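FYI, it's all coordinate maths here, none of it is from the lab. Predicted model only: the values in this text are computed from it and were never measured. Cβ placement follows ideal geometry from the backbone for every residue including glycine, while neighbour counts extend to all protein chains displayed.
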Amino acid sequence: MWLNTLRLEKWVIKLIDLILIVLGLILVIIGVFCDFVGAIGLIRLPNFFTRLHAATVGAIGGAVIPMLGAALIALGYEPLGETRFILAGVAFTTSLITMVLAQAGSHALARAAYRARAAPLQPIIYDALSEKNEKGEKQSI
């Protein structure tokens, strides 16, 4: 419907809708894979910080990417009518907010756990933050 303003042939419009739906489904499948990898990482990784990384991979790859795929699917699904633009906009906006907040939240959790020494650091090879503390550099809050 929205492509009709460009005065394209009907088969071109249907092809563009099909491409949007296929790309959306591919993004949803990638999101399922990221969720699966994040879940395995939560079970198999050795300490809090690496498990937090796996949880962030699951949150970003398993939530943001499928929401972008849902936005593409909504744009390409003609029977939704004009509602598909609302659905695509909401999915896109939610994915952007989730992308920002998931990273900030995991960083805040990791920093709080490190500063409170609430999680064991082993196995760790290099700790740049402890070197800064030993040199007496001022640490920001």
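Here the spin labels are modelled as points 7 Å beyond Cα on the Cα-Cβ line, and at Ile29 and Leu42 they lie 2.5 nm apart. On the principal axes of its alpha-carbon atoms, segment 21-109 has extents of 49, 24, 12 Å, going from largest to smallest.
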